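In what follows, a single structure is set out as structure tokens and then discussed.
The values are calculated or read from the model by the stated rules, or taken from the named source; none is laboratory data. Quantities reported herein were computed from a predicted structural model and do not represent experimental measurements. Note: ideal-geometry Cβ built from the backbone for every residue, glycine included; neighbour counts use all protein chains shown. Side chains included, ligands, DNA and RNA excluded: accessible areas come from the protein's heavy atoms. Shrake-Rupley method; radii C 1.70, N 1.55, O 1.52, S 1.80 Å.
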Amino acid sequence: MNPQPRVIANELQSIVGAEHVREAEPPYPPGVVMPLLLVEPGSAEELALVLRAARDAQVAVLPRGGGTKLEWGNAPRSAALVLSTRRLDRVIDHAWADMTATVEAGCTVARLQETLAQHGQRLALDPLWPERATIGGILATNDSGTLRVRFGALRDLILGVMVALPDGTLAKSGGRVVKNVAGYDLPKLFTGSLGTLGVIIQATFRLYPLPRETHSLSFSLEDVAAANRLMLAVLDSPLAPTGLQLRVAGESSPQLDVRFEGVAAAAQMRRLLALAGDAEHTEAALEVWALRESLWQGQEPGLVCKFSVLPADLAAVCEEIRRVAGRLRLRWSVIAQAVGVGLLRLEGPNQEALAAALGVLRAEFEARAGSLVLLHTPPDFHGRIDVWGDPGDALPLMRRVKEQFDPAGILNPGRFVGGL
């Protein structure tokens with residue numbers, strides 16, 4: 001791979017304008033060799049031409065939105081050119097009567113929500129760092145949030161997408177067609193692909209009304225098994241929470257947060273209290289639903305992992321985390337959603353202990369048909385342990401998809417599962 005994007009600097013300037021091509025600047029993924037140039041296209045056509053020029057010159061490209069999740073995944077083997085979507089930040093169409101919206105990839109989640117709120121609507125997701133996270137970024141990393149228990153994940157909310165492929169093709173799935181890629185569901189395929197198949201330019205979403213009322217309660221339970229039982233009871237009941245979150249940290253009492261929205265929220269709260277019996281509870285502040293962000297902060301260097309497991313297994317894996325962290329003298333905390341997806345923080349001064357804990361816990365999750373993926377590490381820890389874990393028998397298929405969309409391997413090379 002040619003590490004010198006300056007060989008195409010003049011071509012890039014002719015595409016996007018000289019003022020939108022400059023020396024690369026942070027943020028970068030940890031562990032990556034510093035990129036040389038940053039380019040900011042102002043239209044779908046410009047972005048496609050930039051990708052074609054990079055492909056022809058064999059220059060590795062790092063797509064970047066708000067830069068909030070660049071450390072997720074492996075460090076790319078090469079990333080000489082940063083391709084920023086900063087200028088692609090428009091809300092193209094808010095069809096409020098149809099409850100859909102089309103937005104460019106560089107628009108932040110917060111800005112989109114502010115626009116939709118003018119008509120009493122929202123995109124029903126609450127990802128990390130919405131003030132900085134962009135639409136393209138949350139799609140590339142598949143970051144949904146606590147509303148997922150009621151409205152589904154990103155793949156359930158997206159109706160269509162426009163992407164630029166490395167050969168300069170503009171492809172669209174859903175809505176008006178620029179060019180369809182036959183046989184592929186582009187919205188689902190590109191969600192969670194970490195920018196390794198193409199660059200997302202636009203996305204169309206289904207919307208939901210803003211709730212008139214929101215009520216949240218936090219229950220303090222005697223142990224994590226009791227918290228897990230109450231969570232499962234809520235899931236098995238006629239109740240329809242828009243948030244159901246388990247929080248466990250060290251030896252403190254587990255907390256179960258429950259949120260209801262809409263005109264029936266108060267009635268549902270009463271039914272919840274009857275279901276919970278004499279469990280201690282308090283009214284929860286809105287901030288409780290953003291506590292996931294606090295896992296990236298701590299007293300000492302730490303790891304942050306995303307895990308998936310059956311909801312019924314949450315108590316068991318928390319007890320295993322408690323056992324392993326206690327043996328290795330690590331602090332730990334978990335924030336998990338009722339769908340079985342959660343975040344784990346492990347922290348302590350001993351990096352060997354952190355690596356050992358991650359290995360043991362990953363084996364535990366995989367033995368339960370789950371997964372444990374590393375999202376954040378101390379600066380000098382990155383690269384010491386595999387980020388992804390066992391990809392199973394899906395790796396050959398993922399490799400063929402990568403070869404189909406990016407045969408030259410210029411997009412985030414090595415960042416995805418199995419070094420794709």
Selection from region 131-145 of residues crowded, with 22+ Cβ neighbours inside 10 Å, touching a strand residue (DSSP E or B) at 6+ places or on another chain (Cβ under 7 Å) and at pLDDT 95 or above yields Thr134, Ile135, Gly136, Leu139, Ala140
Reported set for region 72-130 where residues are among the aromatic types (Phe, Trp, Tyr), surrounded by 16 or more Cβ atoms within 10 Å (Cβ to Cβ) and in contact with a His (Cβ under 9 Å, 6 or more places away or on another chain) is Trp72
Ala97 passes all but one of (1) without any contact (Cβ under 8 Å) to a residue 12 or more places away in the chain; (2) part of a helix (DSSP H, G or I); which number fails?
-> (2)
Look at Val258 and say whether it is under 23 Å from Glu319 (Cα atoms) and β-branched (Val, Ile, Thr).
-> yes
Test Leu36 against the stated conditions and say whether it is open to solvent by 10 Å² or more (accessible area, probe 1.4 Å) and farther than 30 Å from Ala124 by Cβ.
-> yes
Note on region 382-420: residues among the aliphatic types (A, V, I, L, M), in a helix (DSSP H, G or I) and either surrounded by fewer than 21 Cβ atoms within 10 Å (Cβ to Cβ) or in contact (Cβ under 8 Å) with a residue 40 or more places away in the chain (or both) are Ala394, Leu395, Leu397, Met398, Val401
Flag if Gly250 is in contact (Cβ under 8 Å) with a residue 12 or more places away in the chain and crowded, with 22+ Cβ neighbours inside 10 Å | no
Among the candidates Pro166, Pro187, single out the residue that is in a helix (DSSP H, G or I), within 26 Å of Arg64 (Cβ to Cβ), open to solvent by less than 20 Å² (accessible area, probe 1.4 Å) and not hydroxyl-bearing (Ser, Thr, Tyr).
-> Pro187
Report, by residue number, each residue of region 253-265 that is farther than 15 Å from Thr146 by Cα and either in contact with a Leu (Cβ under 7 Å, 6 or more places away or on another chain) or open to solvent by less than 40 Å² (accessible area, probe 1.4 Å) (or both).
-> Ser253, Pro254, Gly262, Ala265
Just one listed residue, out of Gly389, Gly342, is at pLDDT 95 or above and not hydroxyl-bearing (Ser, Thr, Tyr), and it is Gly342
